[in-house]
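Below is one structure, written out as structure tokens; comments come after it.
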Amino acid sequence: MKTINPTKALTVILTVLATLTTSATWAADQKTLPANDNGITYTGRVAINSDGSVSYDWTGVYMQTDFTGGYFAIEASEQGSSWHNLFIDGKWVKKLQITGSTPQRIVLAEKLGKGIHRLRLQKCTEGQYGCTTIHQVVIAKGASLQPVERKQRMIEVYGDSYTCGYGTESNKANDPFRLETENCDKAYGCIIARYFDADYALTAHSGQGMVRNWADPKQISDINMSTRYTRVFDDHGTQPYPFDRYHPQLVIINLGTNDFSPTAIPTDEQYTNAYLKMIETIKNQYQGVKILCVTPHSASRYLQACLQLLKERVAGMPDVYMANPLSDMVTVEHDMGADWHPNYQGQRKIAMSLIPQISAIMDWSLTDKVVE
């Protein structure tokens, strides 16, 4: 029979008691609020659940709040895996991964100074890899939350992997894709929004086309962006999106690279008719919106021909514009990240080409701000 050392046993008991006492103190000094508390602002497509939790999977969705008390945590769970960018008081703090279907506490800020601090948590990876649910938020007892006022400008981008920031944090074209190097915040949509001090929403999914997905043997894929963009969730539900959560002044559409990938490319009518239907739906849902249709930097001659046809079809249509071509702008030597996708530098080039066109369309003045 093993003999227990009384001194060691007493040390263990005291350690456990100290831990329990500390946890009780923390609990006494904190309070929990539902994730849909009025003091929290969500931008992007989210689902508000009956228990007050908030779920979302589209890339780029972000929550914001102004909080006091110096402490902020979330109770979160995940279907799959998602990476998020954390910003405090306008400065990037870290990139964090959320995994696990069991709710877990994740401390986002602690021991901050007195006064009001602004927190922003941005999902920077896409829905096909994970769906995040924030169940509760935890703040210091006696602290408060205030919603962040929405910006006067709002941009929504419909796109594919280029919009998702696929491979932006890699600097070699032959690097394999890894989820941790995907970051929509370093893609052209977010870069443009930062330049114009605008809120944004990204409705984007890698490998998806307007009607046909990458290398699909069918001319029209069973699920494509013409299907997905009408939904609350990218990849974790089919409930229709009501288009009433935000109202952009500008919508950018950048779709077509995947439609004309190898094998069974769609006809020009299949592609342009779906494009025109998306334009019509967006204009009906967002009264007064302006729409900018982008020719991707990698556009094949088939896509270029279809976009020329689209240009003819939208001629005379109010508030619909065709962006200048971006061909040869992104170089393999300097501007490519993982799996032959634009890295951060390549994405900045794309943004810098579109910014003057957006300025003219929207009458938004250019400034000496760095495009970053």
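Inspection of segment 174-182 identifies no residue that is assigned to a strand (DSSP E or B) and of a type outside the set (K, R). Checked against the criterion of being among the hydroxyl-bearing types (S, T, Y) and open to solvent by 50 Å² or more (accessible area, probe 1.4 Å), segment 130-143 contains not a single residue that satisfies it. Being assigned to a helix (DSSP H, G or I), surrounded by 20 or more Cβ atoms within 10 Å (Cβ to Cβ) and touching an Asp or Glu at 6+ places or on another chain (Cβ under 8 Å): is that true of Y271 here? Against the criterion (assigned to a helix (DSSP H, G or I), surrounded by 20 or more Cβ atoms within 10 Å (Cβ to Cβ) and touching an Asp or Glu at 6+ places or on another chain (Cβ under 8 Å)), Y271 qualifies. Screening G70 with (1) out of contact with any Ser or Thr (no Cβ under 6 Å at 6 or more places or on another chain); (2) buried (at least 17 other Cβ atoms within 10 Å of the Cβ) gives one miss only, at (2). Selection within segment 116-129: residues that are in a loop (DSSP other than H, G, I, E, B) and open to solvent by 40 Å² or more (accessible area, probe 1.4 Å). The member of this set that is nearest to M225 (Cα to Cα) is Q128. Within segment 223-252, take every residue that is in a loop (DSSP other than H, G, I, E, B) and closer than 24 Å to P356 by Cβ and give me the one that is most open to solvent (accessible area, probe 1.4 Å). Of everything passing the filter in segment 223-252, Q249 is most open to solvent (accessible area, probe 1.4 Å). If I filter segment 104-113 for residues that are part of a loop (DSSP other than H, G, I, E, B) and either of a type in the set (K, R) or open to solvent by less than 20 Å² (accessible area, probe 1.4 Å) (or both), do I get at least one hit? There is at least one residue in segment 104-113 that is part of a loop (DSSP other than H, G, I, E, B) and either of a type in the set (K, R) or open to solvent by less than 20 Å² (accessible area, probe 1.4 Å) (or both). Does T281 count as part of a loop (DSSP other than H, G, I, E, B), polar (S, T, N, Q) and either open to solvent by 40 Å² or more (accessible area, probe 1.4 Å) or modelled with pLDDT of 95 or more (or both)? It is false that T281 is part of a loop (DSSP other than H, G, I, E, B), polar (S, T, N, Q) and either open to solvent by 40 Å² or more (accessible area, probe 1.4 Å) or modelled with pLDDT of 95 or more (or both).
So that you can scan it fast, the table gives a plain yes or no per residue for (1) open to solvent by less than 80 Å² (accessible area, probe 1.4 Å); (2) of a type in the set (S, T, N, Q); (3) in contact with a helix residue (DSSP H, G or I) (Cβ under 9 Å, 6 or more places away or on another chain); (4) in contact (Cβ under 8 Å) with a residue 60 or more places away in the chain:
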position	(1), (2), (3), (4)
N258	yes, yes, yes, yes
A299	yes, no, yes, no
A305	yes, no, yes, no
Q308	no, yes, no, no
K311	no, no, no, no
Y321	yes, no, yes, no
M329	yes, no, yes, no
V332	yes, no, yes, yes
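Tallying residues that are in a loop (DSSP other than H, G, I, E, B) and either closer than 24 Å to Y286 by Cα or among the polar types (S, T, N, Q) (or both) within segment 188-222 yields 12. Of the residues making up segment 174-217, those that are β-branched (V, I, T), in contact with a Ser or Thr (Cβ under 7 Å, 6 or more places away or on another chain) and under 19 Å from N85 (Cβ atoms) number 1. Exactly one residue out of I191, I265 is out of contact with any strand residue (DSSP E or B) (no Cβ under 8 Å at 6 or more places or on another chain) and within 18 Å of C124 (Cβ to Cβ): that is I191.
Of the residues making up segment 152-166, those that are within 26 Å of M225 (Cβ to Cβ) and not acidic (D, E) are R153, M154, I155, V157, Y158, G159, S161, Y162, T163, C164, G165, Y166. Number of residues in segment 334-372 that are loosely packed, with under 12 Cβ neighbours inside 10 Å and hydroxyl-bearing (S, T, Y) equals 2.
Taking every residue in segment 274-295 that is free of Cβ contacts under 8 Å to residues at least 12 places away in the same chain and pairing it with any residue that is in a helix (DSSP H, G or I), at least 6 positions away or on another chain, yields no pair with a Cβ-Cβ distance below 7 Å.
The values are calculated or read from the model by the stated rules, or taken from the named source; none is laboratory data. Keep in mind it's a predicted model, so treat the numbers as computed, not measured. Neighbour counts are summed over all protein chains in view; Cβ atoms, including those assigned to glycine, are modelled from backbone coordinates with ideal geometry. Accessible surface is based on the protein model in full, side chains and every heavy atom, while ligands, DNA and RNA are left aside. Shrake-Rupley method; radii C 1.70, N 1.55, O 1.52, S 1.80 Å.
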